[in-house]
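No lab work stands behind these numbers, since they all come straight from the coordinates. What you see is a predicted model; the values in this text were computed from it and never measured. Every residue, glycine as well, gets a Cβ built from its backbone with ideal geometry; the counts of neighbours run over all protein chains shown.
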Ligand SMILES: [Zn+2]
């Protein structure tokens, strides 16, 4: 299994000189599994650059298949979709799944010509074959990839889902936006992520910042470390960085997290992880 980070930032893109290392695009992960189509976790602005990369291969010839798994439909998780060029190429097959029965109408809303400067490939019969649907099962397969899901506590009207992907004897979990307001919220996450090799976890707020934001959908980074230790994950990748957090500040956070019983690093845009059988 290969995982590449195309966007690591929460809320808004931050193309700032102080963010060159960890990146400024909003969240998007590419997951490659042998014997499965291209898997994509969330569709922030990083999706645009992933699209450009995919065009160099099958997607540029109209022969690509991708499945996009959305955690929820807050802007920073869907705004890359109108700018995902493989959607404009006939012959490609793109499936988009999320936790809400209203997903299709939610995605259509952001394509309205009042807001959106590109053709509406959902309704105009141009480009790729597109399927949009609700994730209806807590466990399913896409090719050789086994996907597990769980509802996750986040904020507002958006239903939110966490994902676990298993393949080739390895596993990752993805929870970019989550808050733990009660033990049940923690337990549902621990059950989903138990023992994964890599956990990509919400890192929006420090423990000092959290009290002023309690109830707004994001936990503290210390909560992320606690969950990773409790679930015995292999490595915690701090992810979904606050838009105002500079590279030196992020590295400082990693240092303070070290020595707490789990290997910790900060997600960097462009990083590729390769999980191979021994
Ligand atoms: Zn969110």
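Using only Cα atoms and rounding to the nearest 10 degrees, what angle (0 to 90) does helix 247-257 make with the longest principal axis of the chain?
With both axes taken from Cα atoms, the answer is about 50 degrees.
What FRET efficiency do you get for residue 181 and residue 18 if R0 is 30 Å and r is their Cβ-Cβ distance, rounded to the nearest 0.05? Write out the running numbers ahead of the final one.
Numbers: r = 32 Å, r/R0 = 1.07.
Working from the Cβ atoms, E equals 0.40.
Would you list 78, 221 from fewest to most Cβ contacts within 10 Å?
On the way: 78 24, 221 27.
The order, fewest Cβ neighbours first, is 78, 221.
Which of the peptides 253-262, 87-96 is most tightly packed, and how do the rest follow, judged by the mean count of other Cβ atoms within 10 Å per residue?
87-96, 253-262
Would you mind pulling out the separation of the Cα centroids of region 17-61 and region 135-200, in Å?
Using only Cα atoms, the two centres lie 20 Å from each other.
Where a ≥ b ≥ c are the square roots of the eigenvalues of the C-alpha gyration tensor, would you call region 1-100 rounded, which needs a/c under 1.5, or, failing that, prolate if a/b is larger than b/c, or oblate?
On the way: a/c = 1.69, a/b = 1.49, b/c = 1.13.
Prolate shape, in that a/c is at least 1.5 and a/b is the bigger ratio.
Based on the mean of other Cβ atoms within 10 Å per residue, sort peptides 60-70, 170-180 so the most packed one is first. Working shown, then result.
Numbers: 60-70: 18.9, 170-180: 25.0.
Taking the mean over residues of other Cβ atoms within 10 Å, the ranking is 170-180, 60-70.
Would you look at the GNM of the chain, springs on alpha carbons closer than 10 Å, and say which of 195, 143, 24 moves the most?
Result for the chain, Cα springs under 10 Å: 143 fluctuates most.
If neighbour count is taken as other Cβ atoms inside 10 Å, put 160, 28 in order from fewest to most. Write out the running numbers ahead of the final one.
Values: 160 26, 28 30.
Fewest-to-most Cβ neighbours within 10 Å comes out as 160, 28.
Taking the Cβ of each residue in 9, 214, 164 as the centre, tally the other Cβ atoms inside 10 Å and list the residues starting with the fewest. Mind dumping the intermediate values first?
Values: 9 29, 214 13, 164 22.
Final ranking by Cβ density, sparse to dense: 214, 164, 9.
Tally the DSSP beta bridges in the chain and give the antiparallel ones as a percent, rounded to 5. Each step should come with its number before you reach the end.
On the way: 26 of 58 bridges.
Given both bridge residues lie in the chain, the antiparallel proportion sits at roughly 45 percent.
What does a probe at residue 277 reach in region 18-40, counting residues whose amide N is under 20 Å from the point 7 Å along Cα→Cβ?
The answer is 32-37.
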